[in-house]
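The values are calculated or read from the model by the stated rules, or taken from the named source; none is laboratory data. No experiment lies behind these values; they were computed from the predicted model shown. Note that each Cβ is placed from the backbone with ideal geometry, even for glycine, and that neighbours are counted across all protein chains shown. When the accessible area is computed, the model is the full protein with side chains, heavy atoms only, and any ligands, DNA or RNA have been set aside. Shrake-Rupley method; radii C 1.70, N 1.55, O 1.52, S 1.80 Å.
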Amino acid sequence: MSLIHSAEGRPELQRIIDSMIGEGFTGVTLRVNDEEGEWAGSAGSSQLGEAAKPPVEGHIRIGSNTKTFAATVVLQLVAEGAIGLDAPAAGYLPALRLDPRITVRMLLQHTSGIFNFTGEYYEDGTFTPGIPATTAGRDWVENRFRTYPTEELVRLALSKPARFEPGTDWSYSNTNYALLRLVIEEVTGNSLAEEMERLILGPLGLTGTSLPGTEAGIAEPHAHAYHRYEEDGGGRTTVDVTRQNPSWISTGGDMISTTRDLHTFISALTGGKLLPDALLAEMCKPEAKAGYGLGVFVQDTGEDGGKVITHNGGMAGHAALMYSTPGGAKTLTAALNYVDDAALSMAQAFQQATQLLVREVFAVGPTTAAVRDLVEQE
């Protein structure tokens, strides 16, 4: 497939990403693969105060797109017979004393009711904090190199009241995927990174994708990410947070990838190259409230019955978009950089920009849940 760079063809895509820079993004890289070929372009700057554009082949912290990778590993282990999709998660992690009604499927689909360790947003507008995540502003910035063992994050969440009875509702919780990491490592005896390499990264040749663990750096080339917080005495401080210890989010969003690797992955996944047909069908079977399957959102494209399979994610000034039609013939992947803050002030810009991009490529706008997933900072 030929690569059409931003200077050639598809001016409508370049115009959209150019317009995003005026709405608060510092840098945008977009890749589209469809019947016209492959197009990639970028806009904005790689670093505040500099003119160089973000690298088209740059690395990005992909946030909650990590969940789709992790869900795929879980389902691959289901296919191998190592994990039962509808088995109680407590059976794999007895020391945590999970509610025995919570199944692996519920963790994958966010229907467990377990408290979100990065904090819970409730329908009445209230927020219950968890660890000092990015919503904590300066507190997060000053502690961004701290190491959080995954089990510590899980135990914090389990010390809080459940949001609802298992299986009775839907609520996005990073704790579900932290638990799935522990399940994977318990049943295989290997780290999640090792299983990811064996089952996905190696077979697909995803050399730009990694699970950094506690490593603070990000491979070159990459654009920079920023966080802004309010000073006690007034005024705002903006900090480059490109380097950070991503263990604070665990499998809720700690991976690094590229738009090219994200395209290869989502196209292979939706094209049936990673999972047996029956398990791919289970993955893409959405629950009613948010349209969430097992590690993916399933979004209708209109009256023709078409769908897109998607997951987005934000990670403290870095974000990634990942969309595919069933079968993997058409994909949109993007890397976004911006100045993050505790007030989630980029929410509207994210919603508008994502709607424009997805409507242009797929003739559809994103679901509310998918947009919230992107902007609520995991």
Open item on the list: Output needed: percent of Cα pairs per 20 Å distance bin for the chain, bins running from 0 to the one holding the longest distance.
Closed with: 31, 61, 8
Task: For residue 93, residues with placed amide H under 5 Å, excluding near neighbours - done: none
Open item on the list: Using each residue's phi in region 72-89, evaluate 6.51 cos²θ - 1.76 cosθ + 1.60 at θ = phi - 60° and report the 3J(HN,Hα) Karplus result to the nearest Hz, with x for Gly and Pro.
Closed with: 5, 4, 4, 5, 5, 6, 4, 4, 7, x, 7, 10, x, 4, 10, 7, x, 4
Task: Separation of the residue 97 and residue 348 label points, Cα + 7 Å toward Cβ, nm - done: 4.7
Task: Long-range HN-HN contacts of residue 225 with modeled amide H, under 5 Å - done: 241, 242
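Carbon and sulfur atoms: what percent of the 1.4 Å accessible area of the chain do they account for?
50
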Task: Amide H contacts of residue 249 (H built 1.01 Å from N, under 5 Å, at least 5 apart or other chain) - done: none
- [ ] Using only alpha carbon positions, build the gyration tensor of region 189-302, then give the equivalent ellipsoid semi-axes as the square roots of 5 times its eigenvalues, largest first, whole angstrom.
- [x] 32, 21, 14
TODO: Compute the separation of the alpha-carbon centres of region 59-93 and region 176-232 and state it in Å as a whole number.
DONE: 14
Task: region 289-343-region 11-45 distance, computed between alpha-carbon centres (Å) - done: 16
- [ ] First measure r as the distance between the Cβ atoms of residue 152 and residue 12, then evaluate 1/(1 + (r/R0)^6) with R0 = 45 Å and state the FRET efficiency to the nearest 0.05.
- [x] 0.45
TODO: Could you name the aspartates and glutamates whose alpha carbon sits less than 16 Å from that of residue 53, not counting residues in the same chain fewer than 8 places away?
DONE: 18, 220
TODO: Would you list, by chain and number, the aspartates and glutamates whose Cα falls below 15 Å from the Cα of residue 289, excluding same-chain residues fewer than 8 positions away?
DONE: 123, 169, 300, 373
Open item on the list: Can you compute 3J(HN,Hα) from phi for each residue in region 347-357, using the Karplus curve 6.51 cos²θ - 1.76 cosθ + 1.60 with θ = phi - 60°, rounded to whole Hz and x for Gly and Pro?
Closed with: 4, 5, 4, 4, 4, 5, 5, 5, 4, 4, 5
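Relative contact order (percent) for the chain, with alpha-carbon contacts under 8 angstrom and 6 or more residues of separation?
Relative contact order of the chain: 23 percent.
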TODO: Please give the contour-minus-distance gain from residue 85 to residue 168: 0.36 nm per residue of separation, less the Cα-Cα distance, rounded to one decimal in nm.
DONE: 28.1 nm
Task: Computed FRET value (nearest 0.05) for residue 36 with residue 287, which takes r as the C-beta separation and R₀ as 45 Å - done: 0.85
Task: Relative contact order %, region 35-97, counting alpha carbon pairs below 8 Å whose residues are six or more apart - done: 14
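Per-residue ellipticity at 222 nm for the chain, helices alone: DSSP H runs ≥ 4 residues times -39500 (n - 2.57), over residue total, nearest 500 deg cm²/dmol?
One gets -8500 deg cm²/dmol as the mean residue ellipticity at 222 nm.
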